[in-house]
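**Q** I'd like to ask some things about the structure below.
No lab work stands behind these numbers, since they all come straight from the coordinates. The structure presented is a predicted model; accordingly, all values stated were derived computationally and were not measured. Cβ atoms come from the backbone with ideal geometry, glycine included; neighbour counts cover every protein chain shown.
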Amino acid sequence: MERTVSVPLLVAIANRCLREHASRALDARIYCAVLGVGDSNELNSKFLIEARASGMVLVRTTGLMGWLDAPHYTADLAWAKSLLPEGLAAISNDPRVVCAIALMAVALTDQPPLLEAWSS
């Protein structure tokens, strides 16, 4: 699956990271944006609304549908750092600031996130 990342979307989410408190719903938005996939959750029931609020993403591709649990980007510094492109470091210890830096860097440089923590 080829990754399609929207620059305006990454910038908008980076700005949200700086304005909003850490949340699982924001983690889900980051996850979808970085992977270039859409959340198929239509939010049309209490269960689906709660799923989004808890960081769950409903992914549908050809022949496959399933729930994924987004990493805790906005609350866990290690996960936030996994979004940084190779060669970029952030000196902040605030995961939301690191997320914002990483998403802006990905948007501006078109380099993929490092995603080191994903393999551990």
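**Q** Add -39500 (n - 2.57) for each DSSP H run of 4 or more in the chain, then divide by its residues: what number comes out at 222 nm, to the nearest 500 deg cm²/dmol? Display every interim value, and only then the final one.
**A** Numbers: 5 runs with 53 residues, N = 120.
Value at 222 nm, helices only, nearest 500: -13000 deg cm²/dmol.
**Q** For the chain, list the cysteines whose Cβ sits under 4.7 Å from no other cysteine Cβ?
**A** CYS32, each lacking another Cys Cβ under 4.7 Å.
**Q** Also: At what distance in nm do the modelled label points of THR61 and SER92 sit from each other, each positioned 7 Å from its Cα along Cα→Cβ?
**A** 3.1 nm
**Q** Please list 3J(HN,Hα) in residue order for region 21-35, calculated via the Karplus relation 6.51 cos²θ - 1.76 cosθ + 1.60 where θ = phi - 60°; whole Hz, with x for glycine and proline.
**A** These are the phi-based 3J(HN,Hα) values: 6, 4, 8, 5, 5, 5, 4, 5, 5, 4, 4, 5, 5, 5, 7 Hz.
**Q** A further question follows. Go through LEU48, TRP79, LEU9 and say which Cα lies farthest out towards the positive end of the charge dipole of the chain; charges sit on Cβ, +1 for Lys and Arg, -1 for Asp and Glu.
**A** About the Cα centre, the residue reaching furthest to the positive side is LEU48.
**Q** State to the nearest 20 debye the size of the charge dipole of the chain about its Cα centre, where the only charges are +1 on K and R beta carbons and -1 on D and E beta carbons.
**A** So the magnitude is around 260 debye.
**Q** Under a crude label model (7 Å from the Cα following the beta-carbon direction), how far is ALA25 from ASP110 in nanometres?
**A** Between ALA25 and ASP110, the label points sit 3.4 nm apart.
**Q** Output wanted: per-residue J couplings in Hz (rounded whole) for region 53-58, from phi through Karplus 6.51 cos²θ - 1.76 cosθ + 1.60, θ = phi - 60°, x for Gly and Pro.
**A** The phi angles translate into 5, 9, x, 8, 10, 9 Hz.
**Q** Follow-up question, since we're still on this one. Amide H neighbours of LEU84 under 5 Å, counting only residues 5+ apart in sequence or on other chains, H built in-plane at 1.01 Å?
**A** Hits under the 5 Å cutoff: LEU114, LEU115.
**Q** Just report the Cα centroid separation between region 1-65 and region 66-82, whole Å.
**A** The distance from the Cα centre of region 1-65 to that of region 66-82 comes to 11 Å.
**Q** Would you mind calculating the relative contact order of region 58-107 from Cα pairs under 8 angstrom and at least 6 residues apart, reporting the percent as a whole number?
**A** Relative contact order of region 58-107: 30 percent.
**Q** Another question about this same structure. Students often get this wrong, so try it: which of (1) 42, 31, 24; (2) 85, 21, 14; (3) 40, 31, 30 is Cα extents along the principal axes in Å as calculated from the structure shown?
**A** Structure-derived value, by its label: (3).
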